[in-house]
Structure formats: C-alpha cells, structure tokens
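A quick write-up on the structure given underneath.
We did not get these values from a lab; they are worked out from the coordinates using the rules stated. Here the structure is a predicted model, which means the values were calculated and not measured. Using ideal geometry, Cβ is built from the backbone for each residue, glycine included, and neighbour counts are taken over all protein chains shown.
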Amino acid sequence: MHPRRILQFAGVAILAFGLGAAGCIYILTGDSDEVSGGHTIIVDGNAYSVPANTTKLYVRDLQRFGGKAALIFDDLSRWFAGLWHGRALAGTVLWLALIVSLALFMGGRYLYPDDPNEPDR
C-alpha cells in the first residue's frame, strides 16, 4: 500500500474517532454550573454561585501584586482550563481531531505526490 494512502486512511480514522468521541462527550456531559473556589451569595432565598475571580477584592489584590499582566494571565489560564471540562471539552476534541486529520491529509499530499505509475481514477 502506498504511504499516501496510509496517511489518508489514518486521517479518516482519526476524524471519525474524533467526531464520535466529541459527540459522545457532548451528549453525556452537561455544562457544569459548579464554581470552584467561588462564593455563594443568597438573594431572596435563592443561592447563587459567584466565581472568585469576578469579585472586586480578588481583582484588586491580583492587580496590586501582579499588575495588569497578572490579570491577563489569570484570565487566559482560566479560559484554557475551561476548555477541558463539560461541553467545551467536546469542542476541543472536535477541533483537535479536525486539525490532526487535516495535517495527515496535507502531509500525505505534499510528502508523497501522485505516483506516475498509479492509474488515474
């Protein structure tokens, strides 16, 4: 079997597995409303979870000790950590499968150009 065909087959297999895994993750998990490290505020008898990073005290202390860069890096860190939980994980798995399969297809196309001995279809 030609190496180009092997890479194409691997790309299709990874894409199919990634789509299936992303679909299962999306269906089986829900958006978690849990807030880790947050505060619970009770208003009119209803409890609301508030993330710690949205409170003025947290933002003020973080900015005082680390400056604006600390605020930006804290936001980036929380965003990146959020990609690996709940339904966002399904999107992450889907995009990773698409990128890897596309890389395999393109790698097969450019590393192994059309073989002149192979008949056209």
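With Cα atoms as the point set, the radius of gyration and Dmax of the range 33-84 evaluate to 12.9, 38 Å.
Placing +1 on the Cβ of every Lys and Arg and -1 on the Cβ of every Asp and Glu, with nothing else charged, gives the chain a dipole about its Cα centre of roughly 280 debye.
Counted by neighbouring Cβ atoms within 10 Å, the residues L19, L76 run from fewest to most as L76, L19. Taking one quarter of the surface of the convex hull spanned by the alpha-carbon atoms of the range 1-98 gives a direction-averaged projected area of 9.5 nm². Once backbone amide H atoms are built at 1.01 Å from N, H39 has V50, A52 as its partners under 5 Å, excluding neighbours fewer than 5 places away on the same chain.
Report the calculated FRET efficiency for M106 and L83 (r = Cβ-Cβ distance, R0 = 25 Å), to the nearest 0.05.
0.55
Counting other C-beta atoms within 10 Å, which of Y110, Y58 has the fewest, and how do the rest follow? Intermediate results must be reported in sequence, preceding the final value.
Numbers: Y110 9, Y58 16.
Fewest to most other Cβ atoms nearby, the residues stand as Y110, Y58.
Take the Cβ atoms of D31 and A10, set R0 to 35 Å, and the FRET efficiency comes out at 0.60. Between D75 and V43, the simple spin-label model (points 7 angstrom out along Cα→Cβ) gives 2.3 nm.
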